[in-house]
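Some notes on the structure that comes next.
The values are calculated or read from the model by the stated rules, or taken from the named source; none is laboratory data. Since this is a predicted model, take the numbers as computed values, not measurements. Note that each Cβ is placed from the backbone with ideal geometry, even for glycine, and that neighbours are counted across all protein chains shown. When the accessible area is computed, the model is the full protein with side chains, heavy atoms only, and any ligands, DNA or RNA have been set aside. Shrake-Rupley method; radii C 1.70, N 1.55, O 1.52, S 1.80 Å.
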Amino acid sequence: MADMRTRWILGFVGSATVAMVAVAAAQGRSDAPAPGGDTIRPDDLQADVSFLAGDTMQGRRTGTPGNRQAAEFIASRFDRSGLTAVGANGSFFQPFDLMTATLGESNRLEVSSVPAADLTFGTTYYPDPTSSTGTASGEVVFAGFGIRADALDHNDYRSSAALDGKVALILNHEPGEFDAASPFDGAIPSEHARVVRKVLAAQTAGATAVLIAPDMHNHEGPRGTTRPRRNVWPERPPRQPRYQVAGWVRDVAIPVVQISGDLAARMVENAGLTMRELVGTGAERIGGITAVPLPEQHVEVTTSVRRRFHPNRNVVGLVEGEDPVLRDEWVLITAHYDHEGADGTRVFNGADDNASGVAGLIEIAEAYRIAGLDGLRPRRSVLLAAWNSEEQGLLGAWSYTTNPIHPLGQTVAVLNMDMIGRDEEIPDAGGARFYGLTAQTAESNRNAVNILGYSRSPDLKRVAERANRVTGLTLRFRYDNNASNLLRRSDQWPFLHEGVPALFIHTGLHPDYPHRTRPAGHRQLREDGASRSDGARTELEPGAEPDAPSVSVPLIAPSVAPSVAPGSANTQSSCRLSPSAARYWLRRISTAPNCRRWGVTHWISSNPNPLARSRSTRHTKAIFDVSGTR
């Protein structure tokens, strides 16, 4: 179908922009097409998307066999492209741990000025998922929002002696939450509002435990806990585990408890103060509060939280730079490979989100290989990275920033691809998913790509504009400060937070995002609504899922999509795999590690339509260039 084909080719345009910017950033020149770019072909990209988003991958959710198979596939392609293995033990994998928490049985809270009958577990208090297991006690000290942000010259723990051996009472969120002029990223929640960052700062200041109360002055309504206990600790495990970055939570060694607004106000009032006074003249103060002891408010708390650690991995490969000085400056080209998995009856394939970006990453690796055969390498080193667990909160990228392969101080640019397979299309009255976005048609965005991160990386913006002279795309710089919060919803954000220049290449949202289902009788690739994180505060609570209307995604037509899983008797497609296509596909993946174990050979031999279009060298010339290596 022509319309479907057009939408998919635009994804290649997104990859073209990334390829150009990558080489321009690595080389410092962008005035000529680079060798190797003509190896990046529409059919190759579509083949990779078809495989990664096929039902056999079962949605590539973190912790599933399909996710591990996707990682092996990407690693094999990096190896085939001649990238240097810079992961653990000479591999293409960078390991990291995630953590999940389950509620234990022994949780209690005692407050000297509040009768025990008024302290109800689950309603008045419960442990935060970042909490350690243990018992602590001490006098209560109010520490505002509990933020230490040295770059903003804000420190709620500057009077740290007041916290030593005490229990810190802090508020959720951050000062100036609805103030567009706030140094904490204006009216958009900043990273400094993340609970684990606050807890670690309090722990460093000497607190024995942390009580976290809702910031009631910013949020009208019931004075309970910030979130109901059932949403934090659901009775039934959610379909998607609530992962956290183990590198952060592992360091928390004190009890952390969420308490109700009523309890916080009661302790403050029993100390002869008012919450309005503490907040108005202290917590909201620019630069931070001077900690305020609450006289005669003694707390003893016991928390029981069982932590479980889960090994995980990113996929990484390096193109080593040729300049003896600049090779130590690294450019990262990235895309996440995970998606939302399956629920037993449906597969959430994730073709646009984000098999499209991974396909671009793989083809850029191949372009570098071809250029290298001619003795042409970038001056700076280029790390190609496929992040895992983006859908759970950018966890693979966050884990990299906590333990980078190469120092972040020597990382000069990050170029991240996420959802580059569709023309942006925002319908009238599109609803919450398009919050803050102006209605627009797909036709109006043909040959256009959104670039985000430009306001924080102006030098990279200029590089992108120079690189675009080769392809003549329409570059749209418009969403950095949009209410949709797109800038913080993909893997460039952890790097921007750490001060590394980064751009987000994204062709845009569309009516088929987020959707989880397909019409009956169709075996075509479907897109899924990711439970996206804004990088600071995830409003999608444990167990909650986005709305799921039944709409299919025409990213790849049924005639070219993987039609059935291995061994399935349901072979609806009438299109047969040509011998040339079979040879091509086998060449591309049969050399992958553990190929027989993950059943790729069986999938090819049993599926009548894994790839309906063969590679054509006659009419699939490259649609983008990698500039700057000449």
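Peptides 385-396, 405-416 ranked from most to least packed, by the mean per-residue count of other Cβ atoms within 10 Å: 385-396, 405-416. Taking amide H as placed 1.01 Å from N in the peptide plane, the amide H of residue 297 sits under 5 Å from that of 140, each at least 5 places away or on another chain. Across the stretch 187-198, coupling constants 3J(HN,Hα) worked out from phi with the 6.51/-1.76/1.60 Karplus curve, θ = phi - 60°, read 8, 9, x, 9, 4, 5, 7, 5, 4, 5, 5, 5 Hz, and Gly and Pro carry x.
Solvent-accessible area of the stretch 208-279 (1.4 angstrom probe, protein heavy atoms only): carbon and sulfur portion equals 47 percent. Here the Karplus relation 6.51 cos²θ - 1.76 cosθ + 1.60, evaluated at θ = phi - 60°, turns the backbone of the stretch 161-175 into coupling constants of 4, 5, 8, 4, x, 10, 9, 7, 9, 10, 9, 5, 6, 7, x Hz, with x for every Gly and Pro. Taking all protein chains into account, the per residue accessible area for the stretch 40-118 stands at 34 Å² (1.4 Å probe). Here the spin labels are modelled as points 7 Å beyond Cα on the Cα-Cβ line, and at residue 150 and residue 300 they lie 3.8 nm apart.
Note on the stretch 308-403: with neighbouring protein chains present and a 1.4 Å probe, carbon and sulfur make up 46 percent of its accessible heavy-atom surface.
With a cut-off of 10 Å between beta carbons, the residues surrounding residue 299 carry a summed charge of -2, where Lys and Arg count +1 and Asp and Glu -1.
Under 5 Å between amide H atoms, partner at least 5 residues away or on a different chain: which partners does residue 415 have, H built in plane at 1.01 Å? Those lying under 5 Å, H to H, from residue 415 are 332, 333, 334, 503. Backbone phi angles across the stretch 88-94, fed through the Karplus curve with coefficients 6.51, -1.76 and 1.60 (θ = phi - 60°), yield HN-Hα couplings of 5, 6, x, 9, 9, 10, 9 Hz in residue order; Gly and Pro are listed as x. Expressed as a whole percent, the accessible surface of the stretch 424-466 that belongs to carbon and sulfur atoms is 49, based on a 1.4 Å probe. Most tightly packed first, judged by the mean number of other beta-carbon atoms within 10 Å of their residues, the peptides 440-451, 483-494, 170-181 read 483-494, 170-181, 440-451. Peptides 130-143, 52-65, 300-313, 344-357, ordered by how many other C-beta atoms sit within 10 Å of their residues on average, highest first, read 344-357, 52-65, 130-143, 300-313. For the pair residue 64 and residue 217, the difference between a 0.36 nm per residue extended length and the Cα-Cα distance amounts to 50.8 nm.
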